[in-house]
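Comments concern the structure below.
The values are calculated or read from the model by the stated rules, or taken from the named source; none is laboratory data. Just so it is clear, the structure is predicted and the values come from calculations on it, not from any experiment. Using ideal geometry, Cβ is built from the backbone for each residue, glycine included, and neighbour counts are taken over all protein chains shown. Note: areas computed on protein heavy atoms with side chains; ligands, DNA, RNA excluded. Shrake-Rupley method; radii C 1.70, N 1.55, O 1.52, S 1.80 Å.
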Amino acid sequence: MMAAKFLPADKLNEWIAELAESRRVLVPVTEQNAVVFRPYAKDTEPVFGRQANVPPKASIFPASERLMAFTYVKNPEDLGQVAVEVQETIEPEPTVVFGARPCDARGFTVFDRVYDGKKVQDPYYKARRESTLFVTMACDDPENACFCHWVGSSPSDPEGSDVLLTPLEGGFLVEDVSKRGKELLSSKLLSDGSKKVKEARAAHAAALAALGEAWSPAEAPAKLIEKFDDMGFWEQVSAKCISCGACTYLCPTCYCFNVTDERKGMRGERIRTWDNCMSFQFTLEASGHNPRPTKAHRLKNRVGHKFSYYPDIHGGAIACCGCGRCIKFCPASVDIREIVRLSVERPVSKPEKQ
Amino acid sequence: MTSNPYLPEIATVVETIQETPTIKTFRVKLNNPERMKAFSFQPGQVGQLSVFGVGESTFVINSPPTRMDYLQFSVMMAGEVTSRLHSLNAGDQVGVRAPLGNAFPVEAMKGKNVVFVGGGIGMAPLRTLLLYMLDKRKDYKNITLLYGARSPEDMAFRYDLDDWTTRKDMTTVLTIDRESPGWQHKVGLIPNVLLEMNPSPKNTVAVTCGPPIMIKFTLQALLKLGFKDDQIITTLEKRMKCGVGICGRCNIGTKYVCVDGPVFTYAQLKELPNEL
Ligand SMILES: Cc1cc2nc3c(=O)[nH]c(=O)nc-3n(C[C@H](O)[C@H](O)[C@H](O)COP(=O)(O)OP(=O)(O)OC[C@H]3O[C@@H](n4cnc5c(N)ncnc54)[C@H](O)[C@@H]3O)c2cc1C
Ligand code: SF4
Ligand code: SF4
Ligand code: FES
């Protein structure tokens with residue numbers, strides 16, 4: 001059974017401060033007009049009224065992280081002989097991500113199927129995932145670009161969260177979603193909230209209704225493959241794209257990475273960084289051949305991966321949480337919703353008869 | 001492999017061979033003798049070689065699992081990591097992450113004739129399979145090799161060629177693109193020589209690797225000779241990073257070349273979206 005607690009609005013910061021006593025707490029704050037997640041400190045003023053510009057993806061999957069460190073060691077007997085030592089560098093830090101939207105917490109479930117799969121596990125990701133809890137803020141005011149309800153989610157979706165907060169008159173309903181989330185509810189600042197559950201459910205329903213009617217991408221996996229060779233379609237939908245990659249960097253579900261080495265003298269490290277499939281270099285091969293030479297090929301892969309290849313491999317799950325950031329922050333107004341919808345609704349254009 | 005799929009094993013280069021002006025071979029041994037002893041792989045599987053401080057690149061293990069004195073990688077100079085690899089000598093340390101990927105279907109190929117068609121550095125994956133089959137000679141019927149390079153100087157694995165061209169239990173044809181003084185073998189492009197050789201597709205599997213343009217015309221030649229799509233095997237190259245199906249670099253639709261490949265039949269290739 002979920003426990004329903006109530007937190008008065010004026011105790012919110014106090015609760016965050018309490019949580020921050022024993023671990024890192026990341027909260028959304030304003031930094032140069034953008035809302036980003038930063039570690040909570042004494043004078044931090046979290047911003048919960050709007051969706052963060054940058055999702056908390058880096059809390060578990062940093063934009064750049066060390067996979068290992070290495071040292072070259074000269075043999076004192078024979079200076080021509082140099083050995084290498086490699087040190088693993090997994091350093092998780094107990095963390096709570098506080099006040100992300102449900103879409104952002106759910107975004108990590110897209111990662112989980114790949115980074116913590118049956119055949120292979122990524123130990124860096126796993127260690128951070130296991131040491132990080134999500135206290136999520138149900139969304140009461142969806143924006144134009146939001147479409148979480150298209151992809152099987154909703155503004156109050158608990159999937160991927162450990163605790164769900166719902167803003168109510170005078171405070172928040174606080175519900176545990178996971179076992180680990182329950183442990184966070186022992187604070188004395190929280191009182192019984194069972195009488196407020198009905199009000200919270202009504203708020204959830206109202207937020208969902210505000211999103212308007214959902215459109216189902218159920219046919220997208222098959223239809224996108226059907227359109228694979230329809231380059232006219234892909235050129236049209238990618239015409240405005242400038243290959244800047246903002247859509248991938250701001251996406252809570254984009255997980256591709258690059259690996260590079262850095263060396264200084266006898267020491268160095270191997271670093272993993274976020275990568276971006278919208279760039280020409282992403283698939284450029286040594287021979288000079290590039291399987292995805294144009295932005296049309298690359299956007300096709302980005303949309304195809306999220307709405308076709310990934311669902312095909314992972315039991316229908318779509319690799320997009322509907323957060324809308326790639327729509328809101330695209331400098332060229334490319335809209336992934338429109339591309340997916342068109343891919344389903346427009347017939348494949350047949351090559352002309354010869 | 002260790003439980004951390006990104007962590008390379010440290011290995012020592014025990015021997016290097018300058019194969020051609022642009023290809024250098026490295027024979028390496030894992031430094032931990034127990035892990036070297038326990039190491040196992042299948043013909044066709046690849047590994048990531050690291051030069052710490054420069055980076056990691058993918059190469060096929062071109063020695064066969066039947067000869068485990070060392071692991072052999074042959075590297076064509078292409079960019080940063082490969083150039084740095086070329087400057088290494090015996091005694092130098094590298095990192096190895098292997099084995100990765102799938103392998104040639106050696107069990108399913110038992111009792112069949114095998115036609116190998118290799119071009120340039122594409123001979124590397126064929127070498128591991130060919131030596132494996134020669135070491136288990138009874139399991140396979142007629143073995144034919146067609147290996148082509150631009151010029152005699154561009155032929156790799158010359159230390160194998162004497163054996164391959166003189167053995168009674170296999171047929172070997174070597175070809176170069178243009179006449180060259182002293183060249184005793186064929187002159188002509190691989191697909192044309194293949195058509196001339198006219199191998200029978202009956203109970204036969206053809207395995208081909210090489211530059212994309214060579215593969216393209218070799219496939220056409222094989223089809224012309226009557227080979228069916230599922231009788232033709234090749235390997236794919238894609239830019240790779242993780243090698244374990246996570247980093248998202250090497251997909252063609254739902255298939256990841258690093259785990260579902262690099263070995264595919266032509267029938268499987270035709271099922272993939274058109275993005276080679
Ligand atoms: C399954 C597989 C097996 C291979 N086997 C062999 C082999 O046995 N021998 C051999 O010489 N080569 C092999 N290659 C190719 C080899 O991996 C690349 O030539 C090498 O990675 C280039 O690295 P670099 O750092 O020198 O190039 P970089 O400096 O990184 O880049 C130079 C160019 O190479 C491209 N590139 C980088 N990495 C790769 C890559 N993994 N594949 C293709 N292009 C890449 C870059 O986009 C760039 O255009 C294989 C590749 C694959 C995928
Ligand atoms: S943000 Fe827009 S313009 Fe930039 S790469 Fe993505 S789709 Fe193209
Ligand atoms: S694809 Fe766009 S809408 Fe979907 S999760 Fe990524 S940024 Fe959000
Ligand atoms: S190389 Fe990373 S997914 Fe294939």
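So which of A:K328, A:K264 is away from chain B (no Cβ under 14 Å) and open to solvent by 10 Å² or more (accessible area, probe 1.4 Å)?
Result of the check over A:K328, A:K264: A:K328.
For the range B:210-249, filtering for residues that are within 8 Å of another protein chain (Cβ to nearest Cβ) and over 17 Å from the mean Cα position of the chain (by Cα) leaves 8.
In the range A:270-325, the residue that is farthest from B:G248 (Cα to Cα) out of those that are part of a strand (DSSP E or B) and facing another protein chain (nearest Cβ under 10 Å) is A:R270. Filtering B:S74, B:S50 for residues that are of a type in the set (G, A, S) and closer than 22 Å to B:L129 by Cβ leaves a single hit, B:S74.
Looking across the range B:37-81, just one residue is open to solvent by 10 Å² or more (accessible area, probe 1.4 Å), without any contact (Cβ under 8 Å) to a residue 60 or more places away in the chain, hydroxyl-bearing (S, T, Y) and within 14 Å of chain A (Cβ to nearest Cβ), and that is B:S57.
When the range A:146-161 is filtered for residues that are more than 16 Å from the chain's Cα centre (by Cα) and not aromatic (F, W, Y), the ones remaining, listed by number, are A:H149, A:S156. Taken over the range A:32-63, the criterion of being under 19 Å from the mean Cα position of the chain (by Cα) and free of Cβ contacts under 8 Å to residues at least 12 places away in the same chain is satisfied by A:P62 alone. Selection of the range A:64-82 for residues being of a type in the set (V, I, T) and in contact (Cβ under 8 Å) with a residue 12 or more places away in the chain yields A:T71, A:V73.
Pairs meeting the criteria (first residue in the range B:241-268 and within 16 Å of ligand 3 (Cβ to nearest atom), second residue open to solvent by 10 Å² or more (accessible area, probe 1.4 Å), beta carbons under 6 Å, at least 6 apart or on different chains) are B:G248/A:C256.
I'd like to check which helices (runs of 4 or more DSSP H) are fully inside the range A:193-246 and have at least 3 residues that are away from ligand 2 (no atom under 16 Å from the Cβ) and within 14 Å of chain B (Cβ to nearest Cβ).
Qualifying helices (runs of 4 or more DSSP H): A:220-226.
Checking the condition assigned to a loop (DSSP other than H, G, I, E, B) and within 14 Å of ligand 1 (Cβ to nearest atom), which residue from B:S74, B:S40, B:S63 passes? When all the criteria are applied, what remains is B:S63. All of (1) of a type in the set (A, V, I, L, M); (2) open to solvent by less than 30 Å² (accessible area, probe 1.4 Å); (3) within 23 Å of B:A149 (Cα to Cα) hold for B:I17 with one exception: (2).
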